[in-house]
Ligand SMILES: [Fe+2]
């Protein structure tokens, strides 16, 4: 996807529990970790239960003490109290609390730290030979991260974010709006005070057949991160580049674009991008009177039908593609049917 490895820790750096590779693209950083030791429990059992997935969604914070103190007073489960790590580039303070399922949030107070990632990591400067010959991914920052919950667990998780992290509700949608003939879901988008972090919380709603959220929960073994949306300023070039790099995306039927053209004409709504190109790339469009968003979803990132990614471009539109859920559901359901799970 056009990420470059920037840092590493493992046996060669004197860290013996797990290997960790940090990849970065603009403001997006992912850390991929794999345990070394057969006796290692935390990471091994996470992988055994959930398969590949998101274990930790880390937040940069300015005042770790007051954030942790408030969360603790309100009953948050602390996985690891504040600890400090340092090297020649400075010091970082961190603490980890539990959120939905086996997912955790690590707070990272890195004020003044000058190293490439975190203390203990060695910087990686060798460029990937193939990657440097391919066009860039053009992905800028994490737009939102979605957490899937079992049936009737969404509200309590949304409340957890209000209570523990002082988040508020940004947007929500119920199953009357989000359903197809077979499948339905409810969603509440949680956000922090200055609305820089967005965490939509989903749960399945009853339908004729198994909801994709229920399918996720079955295969993941409970609550977990369903998708990570990556923001771009130029989705057409980004998706052309990512496809030429070999990235695979969900497709939608051409009927989606027939219906869209009719709706756009009826609403007299203008989109800057060429609709034929958007259709060719299978990029989805959602809009209201103020603006629009363009989005596309990758296929699952691993064998289990659990985690996937999204690429999103916003034109004065702060929604999450509710108008696309139906088209998206229908596309997902085609694949669910192929897997024999619909
Ligand atoms: Fe999304």
Debye intensity ratio in log₁₀ form over the Cα atoms of region 76-166, taken at each q of 0.21 Å⁻¹: -1.08
Equivalent ellipsoid dimensions for region 225-342 as semi-axes, Å, which come from the Cα gyration tensor, largest first: 23, 17, 14
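Based solely on its DSSP helices, what 222 nm [θ] is calculated for the chain when runs of n ≥ 4 H residues each add -39,500 (n - 2.57) and the sum is averaged over all residues, nearest 500 deg cm²/dmol? Intermediate values should be presented prior to the final figure.
Working: 8 runs with 87 residues, N = 342.
Theoretical 222 nm ellipticity from helices: -7500 deg cm²/dmol.
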0 to 90° range, to nearest 10: angle between helix 154-165 axis and the chain longest Cα axis: 40 degrees
Cα gyration tensor of the chain - equivalent ellipsoid semi-axes, whole Å, descending: 34, 24, 20
Residue with peak Gaussian network fluctuation, the chain [Cα springs, cutoff 10 Å], from 127, 154, 250: 127
Net lengthening on full extension, residue 129/residue 169 (0.36 nm per residue, minus Cα-Cα): 10.0 nm
Pairs of alpha carbons in region 1-160 whose separation is greater than 27 Å (percent): 32 percent
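Estimate the FRET efficiency between residue 82 and residue 289 by the formula 1/(1 + (r/R0)^6), using the beta-carbon distance for r and 41 Å for R0, to the nearest 0.05. Provide the component values of the computation, followed by the final result.
Working: r = 47 Å, r/R0 = 1.14.
FRET efficiency, residue 82 to residue 289: 0.30.
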Among 247, 259, 79, residue whose mean-square fluctuation peaks in a GNM of the chain (springs only between Cα atoms under 10 Å): 259
Helix 255-267 vs. the chain, principal-axis angle (Cα, 0 to 90°, nearest 10): 80 degrees
Mean separation of Cα contacts under 8 Å, 6 or more apart, over the residue count of region 124-204: relative contact order %: 35 percent
For region 274-342: span of alpha carbons on each principal axis (Å, largest first): 40, 24, 19
Degrees, to the nearest 10: 235-244 long Cα axis against longest axis of the chain: 70 degrees
Most mobile listed residue (171, 160, 83) in the chain, GNM with C-alpha springs under 10 Å: 83
Theoretical FRET efficiency, 1/(1+(r/R0)^6), r = Cβ-Cβ of residue 73 and residue 234, R0 51 Å, to 0.05: 0.70
Coarse-grained scattering of region 107-219 at q = 0.14, 0.17, 0.19, 0.22 Å⁻¹, given as base-10 log I(q)/I(0) from a Debye sum over alpha-carbon atoms: -0.79, -0.91, -0.99, -1.13
Calculated over region 1-95: convex hull of Cα atoms, volume per residue (Å³): 148 Å³
Taking region 184-342 and dividing mean pair separation by its residue count, relative contact order in percent (alpha carbons under 8 Å, at least six apart): 25 percent
Distance between region 116-133 and region 241-301 - C-alpha centres, whole angstrom: 34 Å
Cα point-scatterer Debye curve for region 125-169, base-10 log of I(q)/I(0) at q = 0.18, 0.30 Å⁻¹: -0.68, -1.10
Principal axis box of region 145-291, alpha-carbon based, largest edge first, Å: 44, 39, 37
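Every number here is computed from the coordinates shown, using simple stated rules; none is lab data. As the structure is a prediction and not an experimental result, all values here were calculated from the model. Neighbour counts are summed over all protein chains in view; Cβ atoms, including those assigned to glycine, are modelled from backbone coordinates with ideal geometry.
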